[in-house]
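Here is the structure we will look at, set down as structure tokens.
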Amino acid sequence: MSHLGARILCGMVNVFGKLPLSFHYAVGSMASSLAKNVFKYRYDVVLTNLARSFPEKTYGEIREIANKFYSHFGDIFAEAIWFGASSYERLNKSGLVWITNPKVINDLFATTKSTTVLFSHCGNWEILGGLLGYPTATGEALALKEKNIKVVYKRLHNATSNDFFKRNRVRPLVEAGDICQIESDDILRFAMKYRNEQNVYIYIADQYPYMTAYEVGEFLHQQTKAMLGSVKLAHKLGHSVVYLGMKAVSRGKYEFSFTPICRDASKMQPEEIVRQYFDLLEKDIKECPHNWLWTHKRWK
């Protein structure tokens, strides 16, 4: 039944998603206004997270960031629907995402065993699947192929939602499809089995830990826990590790940028790697506070 529901949703997205991005932004604006002003969707959570993360800001400044966040929140869903009917060609022409420094990931991919990419809930994670279709600022194309990319995700509790988002996130892919996505419960087995193949493993690493957690220290002025599974695996297999940032330049324009953390994770402790990740993430959030997902209960 869940597969049928997901197919129906994907069919609707395939029809309505073909409308211009400007149309989806208009709908997203209405949805975000309802979420904030009518349904008060996690409004208290957003204000609490912001106030604790930016103790130096006034209440008026916090409210302003919250307002911008809810506008961005609507854009996330608008872009996801539009993305669900997009091809690589459409993504390239849209200019929605630009990759600023493809040489970083290309060099790591060419000269190291495999690469672990640590991503976050900055920007719009739902459109990550178009990575190979986005233009680059330098003109240098990404050297990766679809078969090389493995995005690690946690299965959603609702089966219909899980199937829908899993399909929608890889809509532009031509060949690899679902094989680009690996459930978090299966990643250890997969990476060990294919340890001699060259892959790029992408993790969203800023989620609240749902398993044994490590205390990373302060992140946004709060004591923070994190999962070490991704970096422990990179350490064990000697992967290179890179941080992927997604900057919101303006509405309808993001920038992907890669920041190397290490070329061989076996020579660093997992705790050092994850601390560097949170330092880079904190810097990005402080530069553009509304660009992060403030509705999640990161500090429970």
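The values are calculated or read from the model by the stated rules, or taken from the named source; none is laboratory data. Every value quoted in this text rests on a predicted model; they were computed, and no experiment measured them. So basically every Cβ, Gly included, is an ideal-geometry build from the backbone, and we count neighbours across all protein chains shown.
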Could you list, in sequence order, the residues of the range 70-127 that are assigned to a loop (DSSP other than H, G, I, E, B), crowded, with 21+ Cβ neighbours inside 10 Å and among the small types (G, A, S)?
-> G84, S86, S114, S120, G123
Enumerate the strands (runs of 3 or more DSSP E) found wholly within the range 183-239, keeping only those where 1 or more residues are in contact (Cβ under 8 Å) with a residue 40 or more places away in the chain and among the aromatic types (F, W, Y).
-> 200-204, 214-219
Mind checking whether some residue in the range 251-262 is loosely packed, with under 13 Cβ neighbours inside 10 Å and over 18 Å from the mean Cα position of the chain (by Cα)?
-> no
Can you give me the number of residues within the range 113-128 that are at pLDDT 95 or above, over 19 Å from T295 (Cβ atoms) and either more than 11 Å from the chain's Cα centre (by Cα) or not aliphatic (A, V, I, L, M) (or both)?
-> 3
Single unsatisfied condition, V46 versus (1) closer than 20 Å to E282 by Cα; (2) more than 20 Å from the chain's Cα centre (by Cα); (3) not polar (S, T, N, Q) | (2)
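With the condition kept exactly as written, say whether any residue in the range 226-236 is farther than 19 Å from V152 by Cβ and in contact with a strand residue (DSSP E or B) (Cβ under 9 Å, 6 or more places away or on another chain).
Step one: list which residues in the range 226-236 are farther than 19 Å from V152 by Cβ, which gives none.
No - not one qualifying residue is present in the range 226-236.
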If you go through F278, F258, the only one that is over 23 Å from G130 (Cβ atoms), touching a strand residue (DSSP E or B) at 6+ places or on another chain (Cβ under 9 Å), hydrophobic (A, V, I, L, M, F, W, C) and touching a residue at least 24 places away in the same chain (Cβ under 8 Å) is F278
Exactly one of T58, T48 is at pLDDT 95 or above and loosely packed, with under 12 Cβ neighbours inside 10 Å, and that residue is T58
Can you name the condition, by its number, that E140 falls short on among (1) surrounded by fewer than 17 Cβ atoms within 10 Å (Cβ to Cβ); (2) part of a helix (DSSP H, G or I)?
-> (2)
Return only the number of the condition from (1) modelled with pLDDT of 95 or more; (2) part of a loop (DSSP other than H, G, I, E, B); (3) among the acidic types (D, E) that E175 does not satisfy.
-> (1)
Spot the failing condition for I179; the list is (1) without any contact (Cβ under 8 Å) to a residue 60 or more places away in the chain; (2) among the β-branched types (V, I, T); (3) buried (at least 18 other Cβ atoms within 10 Å of the Cβ), and only one is missed.
-> (3)
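Identify all residues within the range 147-163 that are within 20 Å of K103 (Cβ to Cβ) and not aliphatic (A, V, I, L, M); write none if there are none.
So the first thing to find is which residues in the range 147-163 are within 20 Å of K103 (Cβ to Cβ), and the list is 148-149.
The answer is N148, and nothing else.
Of the residues S86, S71, S53, which single one is under 19 Å from the mean Cα position of the chain (by Cα) and over 15 Å from L128 (Cα atoms)?
After applying the criteria, what remains is S71.
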Any hit, the range 258-269, residues being in contact with a Gly (Cβ under 7 Å, 6 or more places away or on another chain), charged (D, E, K, R) and part of a strand (DSSP E or B) | no
Exactly one of R63, R7 is at pLDDT below 95 and either over 26 Å from S161 (Cβ atoms) or within 24 Å of the chain's Cα centre (by Cα) (or both), and that residue is R7
Meets criteria (of a type in the set (G, A, S) and within 21 Å of V13 (Cβ to Cβ)) for G133 = yes
Across the range 240-250, which residue is surrounded by the most Cβ atoms within 10 Å (Cβ to Cβ) among those that are hydroxyl-bearing (S, T, Y) and either within 30 Å of R52 (Cβ to Cβ) or free of Cβ contacts under 8 Å to residues at least 60 places away in the same chain (or both)?
-> Y243
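Mind checking whether some residue in the range 157-165 is surrounded by 13 or more Cβ atoms within 10 Å (Cβ to Cβ), of a type in the set (D, E) and either at pLDDT 90 or above or within 22 Å of I76 (Cα to Cα) (or both)?
Looking only at the range 157-165, we keep the residues that are surrounded by 13 or more Cβ atoms within 10 Å (Cβ to Cβ), and these are 159-165.
Imposing the further condition that a residue be of a type in the set (D, E) reduces the set to 163.
Then keep just the ones that are either at pLDDT 90 or above or within 22 Å of I76 (Cα to Cα) (or both); that gives 163.
The answer is yes; a qualifying residue exists.
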